[in-house]
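Inspection log for the structure reproduced underneath, given as structure tokens.
The values are calculated or read from the model by the stated rules, or taken from the named source; none is laboratory data. Note that the structure is predicted; figures quoted are calculated from it, not measured. Heads up, the Cβs are rebuilt from the backbone with ideal geometry, glycines too, and the neighbour counts pull from every protein chain shown. For accessibility, only protein heavy atoms count, side chains too; no ligands or nucleic acids. Shrake-Rupley method; radii C 1.70, N 1.55, O 1.52, S 1.80 Å.
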Amino acid sequence: MAGTGKTLIFLSGSGLLLQRTAGAWSEDSFAEHDPFVVEPLATSRKATEDTVLAAASDRLRAMVIRPGLIWGPGDHGHVPMTYQSVAVTGAACYVGLGLNTYSHVHIDDVTRLFTLALEAGRAGGLYHAVAGEVPNRWIAESVANHLGCDTRSVTPQEAVLVWGELGALVMAASSRLRAVRAQRGLGWRPEHTDMLSTIGEARLRKLAEHST
């Protein structure tokens, strides 16, 4: 596509900035061009980002959008995974202190950012898409309240038995972003900021039904 003058938007994700905190809080929060240490499992994705953005110098309107944890109808993120932990253990689980936090964004707000980027995004633009944050322990407490069960802290090793190796990594990590350029440069304003508003949905209860 180089040299065509066309538009290319690469959908990346906040996993690039994942920090393996084992359930602990991280004060680090990254705007679009803040330096960070790339999560080793995401080095190929970072290389793809770099390739796309570099192509913007050759008559290609290339951009990258990095959303946080995407939630909404049919999602498979931290809230559903917490419901699934009830099916495995009988309790709503979190790792360690449960203070690790992912910035999140509703799927509808992600699609609106794509629309804005197509309309007004600049070549070489990098835009974060995040609208709120909630520690995993708060998610577990909300799920437990809905189901009438206990919460439970698990070790990173126990988490593998609950969510599998990759799921355990995600549920023990922090990944916090700020959408500075998306808001200032494109006027993006997310409309959905409370991921916990999904608590209580019938589809989520079904994930834990056979153990409650």
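Can Ala47 be described as open to solvent by 20 Å² or more (accessible area, probe 1.4 Å) and in contact with a Pro (Cβ under 6 Å, 6 or more places away or on another chain)?
No, not satisfied.
Output the qualifying pairs, or none if there are none: Cβ atoms under 8 angstrom, residues six or more apart or on different chains, first residue in segment 176-199 and under 16 Å from Asp34 (Cβ atoms) and β-branched (Val, Ile, Thr), second residue buried (at least 18 other Cβ atoms within 10 Å of the Cβ) and modelled with pLDDT under 95.
Pairs found: none.
Which of the residues that make up segment 59-87 are open to solvent by 30 Å² or more (accessible area, probe 1.4 Å) and of a type in the set (Val, Ile, Thr)?
Ile70, the sole residue that qualifies.
Can you tell which of Arg66, Arg61 is charged (D, E, K, R), farther than 22 Å from Gly132 by Cβ and in contact with a Ser or Thr (Cβ under 6 Å, 6 or more places away or on another chain)?
Arg61
Within segment 88-99, identify whether any single residue is of a type in the set (A, V, I, L, M, F, W, C), surrounded by fewer than 24 Cβ atoms within 10 Å (Cβ to Cβ) and touching a Cys at 6+ places or on another chain (Cβ under 9 Å), and answer yes or no. Even if it seems obvious, please write down each step before you answer.
So the first thing to find is which residues in segment 88-99 are of a type in the set (A, V, I, L, M, F, W, C), and the list is 88, 91-93, 95, 97, 99.
Those left that are additionally surrounded by fewer than 24 Cβ atoms within 10 Å (Cβ to Cβ): 88, 91, 97, 99.
Those left that are additionally touching a Cys at 6+ places or on another chain (Cβ under 9 Å): 91.
Yes, because at least one residue in segment 88-99 is of a type in the set (A, V, I, L, M, F, W, C), surrounded by fewer than 24 Cβ atoms within 10 Å (Cβ to Cβ) and touching a Cys at 6+ places or on another chain (Cβ under 9 Å).
Could you figure out which of (1) in contact with a Leu (Cβ under 7 Å, 6 or more places away or on another chain); (2) at pLDDT 95 or above isn't true of Leu60?
Unmet for Leu60, out of (1) in contact with a Leu (Cβ under 7 Å, 6 or more places away or on another chain); (2) at pLDDT 95 or above: (2).
Kindly indicate the residue of segment 113-154 that is among the hydroxyl-bearing types (Ser, Thr, Tyr) and in contact (Cβ under 8 Å) with a residue 24 or more places away in the chain and also nearest to Glu191 (Cα to Cα) among those meeting that condition.
Tyr127
Which condition from (1) closer than 13 Å to Gly23 by Cα; (2) touching a residue at least 12 places away in the same chain (Cβ under 8 Å); (3) more than 14 Å from the chain's Cα centre (by Cα) is the one that Gln157 breaks?
(2)
Inside segment 1-104, counting only strands (runs of 3 or more DSSP E) that do not spill past its ends, which hold 3 or more residues that are of a type outside the set (A, V, I, L, M)?
Qualifying strands (runs of 3 or more DSSP E): 61-67.
Assess whether Ala117 counts as being assigned to a helix (DSSP H, G or I) and open to solvent by less than 30 Å² (accessible area, probe 1.4 Å).
Taking the combined requirement at face value, the residue satisfies it.
Can you name the number of the only condition in (1) open to solvent by 60 Å² or more (accessible area, probe 1.4 Å); (2) under 24 Å from Leu11 (Cα atoms); (3) of a type in the set (Ser, Thr, Tyr) that Tyr127 fails?
The single condition Tyr127 does not satisfy is (1).
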